[in-house]
Every structure is written in structure tokens, then in C-alpha cells.
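Take a look at the structure below.
The values are calculated or read from the model by the stated rules, or taken from the named source; none is laboratory data. Remember, predicted model here, so these are calculated numbers, not experimental data. Note that each Cβ is placed from the backbone with ideal geometry, even for glycine, and that neighbours are counted across all protein chains shown.
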Amino acid sequence: MGIKRFFIALSALLTFFLISSQPLFADVTLRYLCYGDGSECEVFRELLDQFEAKNKGIKVAIDKVGYSVIREQLETRLEAGEGPDMARVTNLGGLNKYYLDLRPYINKGYWEENFSATLPWMRANKSDKGIYGWLTQLTVTGPYINKTMFDQAGVAVPKKGATWDDWAKAVAMVQDKLNLYAGMVMDRSGHRLAGPAMSMGAKYFDAAGNPAVIDKGFKAMVQRMIKWHADGLMPQDVWPAASGAKWKNGGDMFINEDVVFHMSGSWMIGKYASTIGDKFEWLAIPQPCGPGGCSGMPGGAAMVSFKQTKYPKQVATVMEYLTSEPVLREYYERTLQIPAHKGLAAKGLNYGKDVSPAAAAALAAYTKNFGKILPQAHALQGYSKGFAIYNSTVNYVSQAITGDLTEDEAYQKIEEEIAAALKN
């Protein structure tokens, strides 16, 4: 072999060894679109840092956004093929057509055993057996009160079993005696309205399981919403202050002591624990009652994966890690969540000595309230067109409150919008 040919061969050999010594695949970066009511995204970041240390080829970039981005923009991005690999969402069934089915890549038995109660919430229908994600947050809607204000006003807190009318009367007394801006605020959300409406007797579905929202019970709650706003018991800053299906949270009004009563849900526990501190005594109360029962709405946020991802196996690896018991326990305990994992729920969580008595009591109260949830509330939560119901009710009930529509016109618009959503 000539010298020239020898060096050519040597160069080729060195190049071969250099290439073969590199990783078979370059590092993969997945994008996770995350919103947080409290510290959820920050806790995810710390857990994923641990994941990345153990899985050198996978990195996860967290894009933290406001809830309105998830609610109002995510589907548009997915439709355009520009969505993230994973996201934290609440429109669980409504986004089903975009989901990645994780079953080929995960331990199906573990997921079906531990998440069986909530996996159907992300499916298209009863025949759909896909596994698309896991609940980062199992929630229950319900009210909080400022107990200090009740004490200052000398008004007795209504007892367990008190009705919505009992609570409205008591809160109005506190509002009057303390000369407050408003007494009672409800998040601007059709989901938040549903539990009280069902307590007043609303069924939301007919015997065949089709949407049938407008009935005597639903009207009873809407009439109260209209009256409470007209009387000044509810503020003009939330339901009347936005258009369409735009969501608004009443939490800041509660934190700032502008109201006595906030109808929201268990996801606010962490925020209230960290922001209120010892400023005043706050309580999560038993669900107010009505002729239909004492129901809130179940719900939650799920970490889901999307089929447009280029890296389904890596996404599944992230999901498997986060849902492993030790990691999931840490997540639930640090973010003060009701566990949506059967094994952890049975074993119980230790929220730690640093959790305030108020937060611990609120977690216990919402756990009890979960047992009172009516069947139609569970059905609505798992209904794939649920957001059509939530969006239409918040939009047109708001217009009935402002007087832009009559009550009857609002009911007709709700029915028309839901029918159009079903048709499409």
C-alpha cells in the first residue's frame, strides 16, 4: 500500500471511530406548556431537573403561561401544528383529538390501576380506551369565607347543611355591617356555576345522556345570580365585566378583603396559604345546599401529550417518571393537591409540618365535599363537549345579569349554542 493510500485509509478509520463514539441520537428538548395556580410549574421544574440528571438524552423546557393562554390559545396552536409536546390543560375531553395515546410506550397496567377514575375524562367516548395523560390536580369547587369578617360583624357562620339562600343572607349582613364593597364573588366560569345550579336541582342532561341544561333548577340559580348582582351582593368587576366566555378569578378580591365569600375551588388552597398568611382567618366551608343536594363540581388539570410531537417515546419517558409513586407523592405534597392516584390516596399524603392549619383544614374540607358531588356533576366533567356548556352558560348568564339579554333570551341562546356545538 502506498503512503498516500495508507493515510487515506487511516483518516477514514479515524473518522469512523470518531462518529461511532458519538451518541446515536442527539439530545432531545421537549416543550411543556404549564400554567400554575400556585407553585405547580416551579415544582415541576425541580422534579424535571432530577429527571434530566437521570436521562441524559432528554431535556424538558417549561414555558410558564397564564391560564388564559391555555384556555384561549392552545387549541389554535394545536390546530396550526405549532403546539408543544406536552401541556397542563383543563379542557380534558375537548382536546382529545390532539392527544398522543401513550399506551404503546408505558406500563398500561400501572396507569389503569391507579388513574382509572380520571382517565375517562380525557377520552372521546366510552369506546375510547386511550391513555393520554394524568391529573396533576384533582379539584373540587366550593366556597371560602373570611371568618375574621364574620367575627368582626358579629354574624354567626351558617352551619353545615345551610342553603345558598342562608349563606347569601349571612354574607349580606356582614357586608352591610362592615360597609364592604361586595359580599360574595364567584369566579366567572360556567364550571363554577354548575355545582350551585345542580344543588338547586339542575340536571344538565336528559335521561338519554344528552345535554339538557335549561330546567327549573338551572333557572333558580340564574335568577339568584341576577338578583345578587342587582342588589350589590356580588360585584360588577367579575361576571358583568368581561365578554364572551372569558374566565375571571375572584381570588384577588378575597385576598384584598373586598368580599367575604369566594366561590372557587380547592386549587386556591396553596395560593391562599402563601398570600393571606395570618392577615385574616380563612376557611373552606361545606358546600351550600339546595333542593337538589349540596354539590360542587369535580375537575382538575391534566398533564397531557400531543400526537404532533416528534418524540413520543421520550414524552412517555417523562410521563412515566413523573407518575412514579415517589415522584408523584412529592409533587402532590409540595403543591397541596388532593391525590388523583389510587395508591397514594389509599396510603395518604403527608403535607408536612410547614403546611398551615388553615390549608390542612381546607384540604380536609374539600376531601369531604368530594363525597357529596352529584352524579350529573361527574357526568358533566367527563363529557367531551363540556366546554360548550360551560362557555355558553357563562356568556349568556353574564348578559342576563347586565340586562343585555332578558332571562328567557339568555336561555334560548344557551340552548342554540350547545346545539350548534353538538352539530359541529
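Before moving on, here are some points about what is shown:
- Filter pass, I214 being free of Cβ contacts under 8 Å to residues at least 40 places away in the same chain and not acidic (D, E): no
- In region 256-286, residue surrounded by the fewest Cβ atoms within 10 Å (Cβ to Cβ) [restricted to those that are within 20 Å of the chain's Cα centre (by Cα) and aliphatic (A, V, I, L, M)]: I285
- Qualifying residue in region 217-233 (condition: part of a loop (DSSP other than H, G, I, E, B) and touching a Ser or Thr at 6+ places or on another chain (Cβ under 8 Å)): no
- Yes/no for Y110 being under 30 Å from K347 (Cα atoms), hydroxyl-bearing (S, T, Y) and surrounded by fewer than 18 Cβ atoms within 10 Å (Cβ to Cβ): yes
- Top-ranked residue in region 205-234 [being surrounded by 19 or more Cβ atoms within 10 Å (Cβ to Cβ) and touching a strand residue (DSSP E or B) at 6+ places or on another chain (Cβ under 7 Å); ranked as nearest to G293 (Cα to Cα)]: V213
- For region 94-152, a residue qualifies if it is among the acidic types (D, E) and more than 22 Å from G81 (Cα to Cα), and the qualifying residues are E112, E113, D128, D151.
- Total residues in region 350-381 satisfying the condition of being within 26 Å of E113 (Cα to Cα), touching a strand residue (DSSP E or B) at 6+ places or on another chain (Cβ under 9 Å) and of a type outside the set (S, T, Y): the figure is 13.
- Condition check for V327: surrounded by fewer than 18 Cβ atoms within 10 Å (Cβ to Cβ), within 21 Å of the chain's Cα centre (by Cα) and outside the structural domain of D252 (by TED's automatic domain parsing): yes
- Helices (runs of 4 or more DSSP H) fully within region 59-126 counting 3 or more residues that are in contact (Cβ under 8 Å) with a residue 60 or more places away in the chain and within 30 Å of S243 (Cβ to Cβ): 67-72
- Residue in region 129-148 that is farthest from G38 (Cα to Cα), counting only those that are surrounded by fewer than 17 Cβ atoms within 10 Å (Cβ to Cβ) and assigned by TED's automatic domain parsing to the domain that holds Y332: K129
- Residue satisfying all of: in region 166-212; β-branched (V, I, T) and in contact with a helix residue (DSSP H, G or I) (Cβ under 6 Å, 6 or more places away or on another chain); nearest to W247 (Cα to Cα) among these: V185
- Taking region 127-141 as the range and being within 13 Å of V304 (Cα to Cα), assigned to a strand (DSSP E or B) and of a type outside the set (G, A, S) as the test, the residues that pass are W134, L135, T136, Q137.
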